[in-house]
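Below is one structure; the comments refer to it alone.
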Amino acid sequence: MNNALTGQSQITEIRNVFVPDFFDFSVAENMTVKINDGIIESVAPAEEDVPKRSLETDRDDPGVIDGGGMVLIPGMTNMHAHTAMTLLRGSAEDCKPVDWFNKHIWIYEQGLIPDDIYVGTLLGGAEMLLNGVTAVADHYFAMDRAWRAYDELGMRADLSWALFGMGDAVEQNLQAALDFNAEYMSKSSRIGISMGPHSPYLCPDDFLKRIAGIAGRDGLKMHIHVAEDARQVEISMKEYGKTPIEVLRDTGVLSLRGEAAAPTILAHAFYATDSDFKIMAESDCIAAHCPKTYLRGGDSHDFLPRGLAAGAGLGLGSDGPASNSTMNIAEAARLAALMGKSSSGNGEKAALAQVLPLMFSGGKVLGLPNYGSVVPGAPADLVILDLSTPEMFPGTNIFADILYGLDGRNVHSVVVDGRLVVRDSKLLTVDYRALRDEARTIASRLISTEADAPMQEY
Ligand SMILES: [Zn+2]
């Protein structure tokens with residue numbers, strides 16, 4: 001099974017584009033971006049008037065893209081995903097979170113084989129690239145297969161092999177993760193590795209301390225679920241007298257700012273208390289906010305305004321497609337803004353200037369300081385947007401248009417690490433048609449209604 005296509009262009013120049021600045025809300029017109037070996041070399045106004053024409057790659061030089069007056073933005077980062085769960089999309093609907101896990105997802109996951117992870121990751125990666133998402137922090141199993149998928153997709157990724165601190169296979173699974181880390185650690189400058197303990201509720205304190213020790217020894221960051229719902233916080237308080245985030249602080253999963261090799265990714269932290277937010281603000285961590293997952297589970301509150309006010313590190317995640325259907329970070333930003341405003345009863349909260357930068361906040365996690373900016377020295381992970389669709393007009397405020405209206409259909413071209421991976425809204429790196437058929441076959445094998453009996457309770 002091999003879905004990779006070859007022959008994509010290495011881009012050296014993108015000309016004739018508008019470049020919005022998501023921090024000062026200015027828009028630079030008719031800009032030329034020069035790229036050298038995957039790094040942005042310069043961003044400057046065009047030296048001469050370039051005739052406007054439809055977007056095309058120069059016939060004589062396939063490394064040059066004429067943007068035809070379209071809009072160039074940085075690639076977006078999906079800070080928390082279980083990408084291969086694309087295969088379980090639509091398999092558990094209209095249920096409580098506890099039933100979603102115990103009566104559906106954990107049962108179907110028993111049937112997963114490593115090659116399924118490859119196909120499911122290709123499918124999710126294709127979706128992300130076609131939506132302008134160029135980097136993802138993926139937390140799942142069989143990450144060697146996921147690695148291969150991201151390599152073929154030409155996408156940037158940070159991979160955490162999911163580790164459970166209880167059950168029969170603790171040591172075996174940890175060893176598989178360590179073997180993966182050793183083999184793949186330095187294999188690609190585009191694909192990094194983290195330690196992925198699942199959560200405080202599935203990893204006892206001693207196990208968390210052990211994983212934190214390994215991460216420190218190997219210079220890796222960590223990626224862990226925490227405080228996803230109110231029940232987890234209640235149980236933690238009852239059993240340990242601490243919130244789940246306090247457990248992470250006390251087991252060394254969180255370090256003070258400046259002390260860790262890289263920030264810990266806290267998937268969700270949705271039920272962080274005010275004192276938890278204080279801990280988060282003092283620690284090297286980024287909470288991946290996944291609003292669609294919570295909204296679908298019937299949950300909504302003012303996490304985002306409180307996290308912003310506390311100065312906690314924040315980013316946006318899709319979570320797995322079995323709980324949120326899509327892996328579209330522009331949509332996550334939109335829902336985050338709407339949840340922030342509606343739950344606080346204040347339309348001034350979760351403002352454009354606060355929410356838009358969260359779409360591009362992957363740099364710290366990826367270890368690439370300028371990631372998510374169109375500036376010299378930043379990696380050339382770039383998205384060309386076609387904003388000629390009706391909902392983008394009259395274009396009075398393109399920042400509001402992007403936050404509240406952007407869709408995959410606006411994503412014209414995508415460059416990752418200087419390489420053109422999407423053009424004309426078509427994926428260039430992977431045979432998408434073949435992939436769809438493979439994904440359908442696997443999903444029908446995994447999802448069986450006969451299996452709908454609780455497997456275990458967590
Ligand atoms: Zn998750």
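Charges were assigned to the Cβ only: +1 to each Lys and Arg, -1 to each Asp and Glu. The resulting dipole of region 167-231 about its Cα centre is roughly 320 debye.
Dipole of region 308-423 computed with +1 at Lys/Arg Cβ and -1 at Asp/Glu Cβ about the Cα centre; of Val415, Ser373, Leu335, farthest Cα towards the positive end is Ser373.
Cα centroids of region 18-35 and region 166-210: 40 Å apart.
Shape call for region 182-253 from the C-alpha gyration tensor, a ≥ b ≥ c root eigenvalues: rounded (a/c under 1.5), prolate (a/b greater than b/c) or oblate? Prolate shape, in that a/c is at least 1.5 and a/b is the bigger ratio.
Once you sort the root eigenvalues of the Cα gyration tensor of region 304-421 as a ≥ b ≥ c, which label holds: rounded (a/c under 1.5), prolate (a/b larger than b/c) or oblate (the other case)? Working shown, then result.
Numbers: a/c = 1.57, a/b = 1.19, b/c = 1.31.
The shape class here is oblate.
Over the residues of region 76-366, compute the C-alpha Rg and express it relative to 2.2 N^0.38 Å. The partial results should precede the final answer.
Details: Rg = 17.4 Å, N = 291, 2.2 N^0.38 = 19.0 Å.
Taking the Cα Rg and dividing by 2.2 N^0.38 Å, one obtains 0.92.
This model, with +1 at the C-beta of Lys and Arg and -1 at the C-beta of Asp and Glu, gives region 76-366 a dipole about its Cα centre of some 660 debye.
What is the chain's relative contact order, in percent, from Cα pairs under 8 angstrom and six or more apart in sequence? Write out the running numbers ahead of the final one.
On the way: 999 pairs, mean separation 106.1, N = 458.
It comes to 23 percent, rounded to a whole number.
Treating the angle as unsigned and between 0 and 90°, give the value, to the nearest 10°, between the Cα long axis of helix 432-446 and the longest Cα principal axis of the chain. Here the helix axis deviates by roughly 10 degrees.
Convex hull volume of the Cα atoms of region 352-455, normalised per residue: 204 Å³. Once the GluC sites (Glu not before Pro) in DSSP loops with at most 14 neighbouring Cβ atoms within 10 Å are cut out of the chain, the longest remaining piece is 94-258. Net charge in the neighbourhood of Ala262 (other residues with Cβ under 13 Å of its Cβ; Lys, Arg +1, Asp, Glu -1) is -1.
If you average the sequence gap of Cα pairs under 8 Å that are 6 or more apart and divide by the length of region 283-424, what percent do you get for the contact order?
Value for region 283-424: 19 percent.
Cβ under 14 Å from Gly241's Cβ, Gly241 left aside: what net charge do those residues give with Lys, Arg +1 and Asp, Glu -1?
Details: positive: Lys238, Lys242, Arg249; negative: Asp205, Glu234, Glu239, Glu246, Asp250.
Residues close to Gly241 contribute a combined charge of -2.
Under 11 Å from the Cβ of Ser318, count the other residues' Cβ atoms, weight Lys and Arg +1, Asp and Glu -1, and hand me the total. Net charge around Ser318: -3. Just to confirm the number: angle between the C-alpha axis of helix 170-184 and the first principal axis of the chain, 0 to 90 degrees, nearest 10? Orientation of helix 170-184: about 20 degrees from the principal axis. Checking the Cα-Cα distances for Lys341/Lys364; Lys292/Lys349; Lys96/Lys292 against a 21 Å cut-off, the pairs over it are Lys341/Lys364.
Values quoted throughout were computed directly from the atomic coordinates according to the rules given, and no laboratory measurement underlies them. Worth saying up front: this structure is predicted, and the values here are computed from it rather than measured. All Cβ positions, glycine included, derive from the backbone under ideal geometry; neighbour counts span all protein chains shown.
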